[in-house]
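What follows is a set of notes on a single structure, which appears directly below.
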Amino acid sequence: MTRRSCAIYATGIVCAHLLIVGIALVVAQVFQTMIHSRLKKELTLTEKSRVFESWKNPPPPVYMEYYFFNVTNPEVFLAGGKAALNQIGPYTYREYRPRENVTFLENGTKVYALNPKSFVFVPEKSAGDPTVDIIRTINIPFVVVMNELNSYSFFLRTLVSMYINSLGVEIFMTRTVHEVLWGFKDPILSKIHSMKPEVDEYFGLMWKKNGTHEGEFVFHTGEQNYLDYGKIDTWDGMREMSWWSSNQSNMINGTDGAVFHPLINRNELLYIFAADLCRSIHLGYVKDVEVKGIQAYRFAPPSDVLMSPKDNPSNEGFCVPAGDCLGTGVLKVSVCRQGAPIVVSFPHFYQADPAYINAFEGLSPNKEDHETYLDLQPTTGVPIRACKRAQLNIIVKRVTGFPKTKHLVETIFPIMFVNETATIDDDSAQQMRTLLLIVTLVSNFPLLIVGMGIILLLVLVLLFCRNRQKKTAKDETAYTQVSDKPDEQSTTPAAQPARNGSYIAMSPVEAQKS
């Protein structure tokens, strides 16, 4: 057997083995199963897992951007007209949110943690100085006191109204941004504090929230089931809340938004428990995006999350008391805000009933600036970019006994909104790209084997064709006349007899003998 034949046989054998093994691995999905099993094991909240440290001390910087609605025509609103709002901001703060007192429970299947948050002002990302910039907005302590007195007698409300007038307190207040955010001593609350010491005499939207946590959390580590990775088991000792009017609405579902289980698909709904909203919300797939060279799925709350119970009956449980419902796009959270008539929505009443938007001048909701979304890397479940946007509103209405409210029409009045953003840092993005490259190469290794088998198959065909061509050429050469003396034969026919075929191997003597 020639070397060429050996090469052909060897190529054919290797090609067949590669194709058989490669196709078998593709069909059995051995490497994909191996990678998925590895991811499920590595992406758990255990001390030895790769994600534990990043969960405990999140590396991406989180920024809180505060925007305020400055009221430019308070007298028109008090007379029953539309309030004109002018958005100012952002006033940006860097948010630090390490997890503390981390303790593993039940053989590592659960983990307890506190999540205190602290804020540091970032002037280079802000529109102004919060200690200098002045805004005019609704006097929230005044409105809360009126709301509390609404169930009392007309005589008492009148006396309180007269006393508040003597203090020079109005329905609108003018304060610096820093005071509205981080607190100031309020004259009404100070008087109440003198009679009821448990009532704080200071008021601020973020009063006592710098350096404090939102409650005690116990999370599932994912050790038993990777789908439970990061899900909340209890919050402040509760597995479900009690202030909403249905069991479904009181459920604490999902994670806190920091982590999600690996191997996410486009068809699933993701759940997040938002302690500041006192409820769980779900997010649905929107589209594929790319962040710093990393492919991700964008999830966002669908329109039915804050839809009116008339259009989405499952939201009826968020009406407290039962049957007392607001319209689409808003959620009253008074039940977990000590009775204050606080309402949350998306900024500028995005996705809300147009009636809320048209009640003011200066609101212009749009998806790009006001949508909440989360970009997740689907293989690992790691958030690559997040943008949480929420607006704080207060219900302002006429209260008998307070003459200044006699022309008011009940309104959900915007105070401010926050844009909480986080994007993966460059170092983490590079590590993520490297990890995904390894995952891709290992997962597609069977296809690489099949590809090599196909290449060898082409080489085999080429070798076989060339071998056939050479064999055919050799056979043709064996029957070709190679004598170069045709003239001698024609000039001396008698001296030399005609020959049949070739005489390549014959000497002249042998020719004569024949």
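The values are calculated or read from the model by the stated rules, or taken from the named source; none is laboratory data. All values reported here derive from a predicted model rather than from experimental measurement. Side chains are part of the model used for accessible areas, which takes the heavy atoms of the whole protein and leaves out ligands, DNA and RNA. Shrake-Rupley method; radii C 1.70, N 1.55, O 1.52, S 1.80 Å.
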Accessible surface of the stretch 324-460 [probe 1.4 Å, protein heavy atoms]: carbon and sulfur percent:
61
Accessible area per residue of the stretch 59-153 at 1.4 Å probe, in Å²?
44
Relative contact order of the stretch 220-364: what whole-number percent is it, with Cα pairs under 8 angstrom and at least 6 residues apart?
15
Given an 8 Å cut-off on Cα distances and at least 6 residues of separation, report the relative contact order of the stretch 103-182 as a percent.
39
Once amide H atoms are placed 1.01 Å from N in the peptide plane, what residues at a sequence separation of 5 or more from GLN87, or on another chain, have their amide H within under 5 Å of its amide H?
ASN70
I need the Debye-formula profile for the stretch 348-448: one equal scatterer per C-alpha, no solvent, reported as log10 I(q)/I(0) at q = 0.11, 0.24, 0.25 1/Å, two decimals.
-0.58, -1.22, -1.27
If you line up the Cα atoms of the stretch 223-303 on their principal axes, what length do they span on each, largest first, in Å?
43, 34, 21
Percent of Cα-Cα pairs more than 11 Å apart in the stretch 209-251, please.
70
The ³J(HN,Hα) series, computed from each phi in the stretch 337-354 with the Karplus coefficients 6.51, -1.76 and 1.60 at θ = phi - 60°, rounded to the nearest Hz and given as x for glycine or proline, is 10, 6, x, 5, x, 8, 10, 10, 7, 7, x, 6, 6, 4, 6, 9, 4, x
Quick one: with all protein chains in place, what share of the accessible area of the stretch 180-263 is carbon or sulfur, to the nearest percent (1.4 Å probe)?
49
Quick one: which residues, 5+ away or cross-chain, put their amide H under 5 Å from the amide H of ILE394? H built at 1.01 Å from N.
VAL343, PHE413, ILE415
For ASP233, residues with placed amide H under 5 Å, excluding near neighbours:
VAL218, PHE219, HIS220
Taking every eigenvalue of the Cα gyration tensor of the stretch 266-316, multiplying by 5 and rooting it, what semi-axes result, largest first, whole Å?
26, 13, 8
What accessible area per residue comes out for the stretch 291-429, rounded to a whole number of Å², with a 1.4 Å probe?
39
Going by the alpha-carbon gyration tensor, a ≥ b ≥ c the square roots of its eigenvalues, is the stretch 236-277 rounded (a/c under 1.5) or, if a/c is not under 1.5, prolate (a/b greater than b/c) versus oblate?
prolate
Accessible area of LYS231 in the full protein assembly, 1.4 Å probe (Å², nearest 10)
70
